Structures are given as structure tokens and as C-alpha cells.
Amino acid sequence: MASSSQTVSLRLVLVRHGLSSFNVDQRIQGRDDLSALTPQGVEQARSTGDALRELNLDAAYCSPLRRAHDTALTLLEAQGQGLSTALEPLLLEIDLAPWSGLTRDEVRARFADDERIWRTAPHQLELTDCNGQRVKPLMALMEQAEHFVQRLRADHGAAIRGERQQCVLIVAHNAILRALVLRLLNLPAEQFRRLRIDNASVSVFNLGESGVQIESLNSTAHLGQALPERSAGPRLLLVRHGETDWNRQGRFQGQIDIPLNANGQRQAEAAGRALAAVHIDRAYTSSMARPRQTAEAILRCHPGVPLTSSRGLIEIGHGLWEGQLEAEIAAGWPELLAAWKQAPQTVQMPEGENLQQVWDRSLQTWQRIAGALAANETALVVAHDAVNKTILCALLGLTPADIWVIKQGNGGITAIDYPQGPGGAPLVAAMNLTHHLGGVLDRTAAGAL
């Protein structure tokens, strides 16, 4: 598949504060400033700063609440660039004033109906504020996040327009960071529970005139965790195959069965090492060589795990574009190529597929795999760029028009949980993790995939 030609203009690095005293006690923090970083939280902040040494940061914003501010100060000291941070009230955590300081069990006992709404439909929760007014905390937070996005656009407009490149650090809290992600993706508050942001995790978003791209979400590898801890219910690990020579050359592969190159084999082996300590019960792969070779490399650390091939997971059929470079396609199909970049959902590949066809077969296969898992099982699924992107768009509540929002690096790992079982809403626990390939950023091959 061919990826969007989006140029990184403004890179946003989102970090949640380190483990706090209220996190340990399972108390509601909200907007109160009563909790502080634990020694483990301080060490997490330091480790995050070490991991971000590779980045040249242009600006840093953080919530004024001390658990976030102390995380930012410790992180930036470890990062070593000498950057100062701007305290930003628009990054304050969600206001759950009536619950602040209470344990989760106390909230469940004293506010049973509201607590159930918060868990199942948080956008509908109403609480009484200090002025006696009924407010919807999450909806207010979504508006706050929109104001911060506008602030970023004002402060870094030249970068967004592609006139320069900038990298901005944002240190805040669980709920406001999820709200910020939803605003960046133009998703409604109803999708709030589909995202996970762990303490001191790193998420990377790229923002340009053409839109936003998720480079990675909720990476915890720098904290010694290859993956975030699993939630209740089954987990699926979605991996993109390693690099091929055609990936490196920028040639459209589609359904031509190109094998891994030497670097792709190394990427697959690195993914295997990253997942070596993760229990895997079943494995599935596209029936094509490059994902099968990737799956086999990963499963060397998991002897005895059955591997099932599925044609429902094969890459998009590019038809007459397969085997060609972008310049060659531009010469023969200039208008169609332009549409592929700007409105991919409208394109019928010449003698090939369209995205809706890929979406339908990919999602049908994914749902069949998920539906076969028991609550404690984990399945590995290895596939391709277009297949992975359509699956992830569907799980996030996006559409085929949004596939360029999703980045899938060669050998990148994504974790999807189903806390209420396969019939319930999915939780994107982490996306496109490539730390095992070296560093925070995804530096795998770009271009035609």
C-alpha cells in the first residue's frame, strides 16, 4: 500500500504524569492538587526524559497541578536540553469535585448510579459543581481540549503550515490527554473509553495542514514494559510485517508476494524479542510471505503456538499500480493518485480493490478472530499497512476516509483489549510501538508500502 506523503511539520509528544500517591491509593484526583509523585513516579519521569533525549524540543507545556509539573521538571532535567516549561491551565485535569479524594470503592458505594454512568457512558455524567450548577465534566473537558488545540495552532501555525519543523512536549493527565486526542482526531466524547494513557507513557502525534497522524500511542517500553498491562478480557496484538526491498524503494506492493529483506527479518526478530515475555495463545497471519515470515520470527519465542493463515488479511489489491514507483503512477494516473492522497475512500484501484472492500474483509476476519478468544487469551495477528489501518480506523470510530491518520511502521506492535469481551467496545491500549527498533520515533521505511 502507498502511505500518505504527509510531511512531519509539528510533532506533539504527549506524556502523562508519573505514578502519584493517589494513583497508588486508587483515589480520584481530578482537578484537586492533593497528590504528589511517588518515588516510582519520579523515576518514571526521569526514564521518560532519558528516552526523549533523541528529540530536539522547541517548546513544553504542562498542567499547573504539581504531579504534572514535577513530572515535566524532572523529565526536562533528564532530557538534558535545558528547556523550561510553560504552565497551561488548559491542561488541567477533568473536574470531578464531588469525588475528589475518594477511593474508587467509596465513589461506587456513595454515588452508585453516577459511577456506573462514568464507567459506561462518561459523556452523559452530570455532577453538581461548587456553585450548585449541574455540569457535564467530560463535555466541559472536551471544550477545554479544543481551546488548547486552538492555542497550539496559534502558537505553532508556521510549523503546521510546513514552513518549519517543530517538536512540542505536552505533560498532563489521563482524562485531558484522552480528550485532547479525541479533539485532534475529530472524534466525539463517546469514544473516550476507547483510549488508554498510562502513567509516564509517551504518545506521538504529527500535525500538518493535511491533518493529524498518530505516530504512536501509549508507549511504555522506556519504563521496562514492552506493552501496557492488559485489561480484563481478551487481547489482540496487531503487528505489521517487516520491511521488504519494495518498501525501501517506495514501490507499490499490494498483492505481489514480496518477501522480507534482511532489515525486515531483523525487525521481525526484534518484535519477537519485544514480545518474548508476553503469553500468546494463538497466532494469525495474512497468507502472503512477508507477514507469514514476520509471524514465524515472532513465534520462535513461543514454540507450539498454532499459526493460521487467512486471505481476509491480505494487502489491498493495487491492481495495475503494483510493482510501480509513485513517479510512474503519477505519469499514468495523475488524477487518481491525487485522489488516493486526498480522498482515499473514493478510489477504485485500476483492476484492483477499493478501501471499502479491504475494510469489509479485514474487519470480518478481525471480528472472527476476536470472537473465538476466551477471556484470558491473547492472539497475535500479523498483516499489512492497509489492513491494519482499516482495522484501527474501525476500532477508533474513524472511517475509510481517515486511513492516513493511522501510521503503521514495519514491525510496529499494537495492543487491543476487549474489557467487556469481544462483543463489547474495544480499548486501544497501545498503537504502533516501534521502541524495539530503536528510539521513541517510528523511523521505519516511508513511501509506497
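Nothing in this text is a laboratory measurement; each read-out follows from the coordinates by a stated rule. Predicted model only: the values in this text are computed from it and were never measured. Reconstructed Cβ throughout: ideal geometry from the backbone, glycine too, with neighbour counts over all protein chains shown.
Things to note:
- Gap separating the Cα centres of the stretch 256-270 and the stretch 15-59, nearest whole Å: 37
- As computed over the stretch 369-449, the Cα convex hull volume per residue (Å³): 103
- Residues Lys341, Lys389, arranged from fewest to most other Cβ atoms within 10 angstrom of their Cβ, appear as Lys341, Lys389.
- Fluctuation leader among Ala68, Ala109, Ala274 - the chain, Gaussian network, Cα springs under 10 angstrom: Ala109
- Given charges at Cβ of Lys, Arg, Asp, Glu: the chain dipole, positive-most of Leu34, Thr128, Pro350: Leu34
- DSSP assigns beta bridges within the stretch 228-437; of those with both partners inside it, close to 45 percent run antiparallel.
- Alpha-carbon centroid distance for the pair the stretch 293-318 / the stretch 383-405, whole angstrom: 19
- Size descriptors for the stretch 228-437 (Cα atoms only): Rg and Dmax, in that order, 16.6, 52 Å.
- Between helix 262-274 and the chain: long-axis angle, C-alpha atoms, 0 to 90°, nearest 10: 40
- Ordering Ile214, Leu373, Leu65 by the projection of their Cα atoms onto the charge dipole of the chain, which places +1 on the Cβ of Lys and Arg and -1 on the Cβ of Asp and Glu, puts Leu373 at the extreme positive end.
- Whole-Hz couplings from phi, Karplus 6.51/-1.76/1.60, listed for the stretch 320-337; x for Gly and Pro: 5, 7, 5, x, 9, 7, 4, 4, 5, 5, 4, 6, x, 9, x, 6, 5, 5
- Residue with peak Gaussian network fluctuation, the chain [Cα springs, cutoff 10 Å], from Arg164, Arg273, Arg196: Arg164
- Here the stretch 118-197 yields Rg over Rh of 1.06, to two decimals, using C-alpha coordinates and the Kirkwood radius.
- Label-point separation in nm, Gln345 to Asp245, each point 7 Å along Cα→Cβ: 3.8
- Relative contact order (%) - the stretch 228-437, alpha-carbon pairs under 8 angstrom, separation at least six: 33
- Rounded to 5, percent antiparallel among DSSP beta bridges of the chain: 50
- Sequence of Phe205, Phe111, Phe22 once ranked by neighbouring C-beta atoms within 10 Å, starting from the fewest: Phe111, Phe22, Phe205
- Debye-sum result for the stretch 1-153 in log10 I(q)/I(0), which assumes one identical scatterer on each alpha carbon, at q = 0.12, 0.15 Å⁻¹: -0.63, -0.91
- Relative exposure of Cys393, Cys62, Cys130, judged by other C-beta atoms within 10 Å (fewest first): Cys130, Cys393, Cys62
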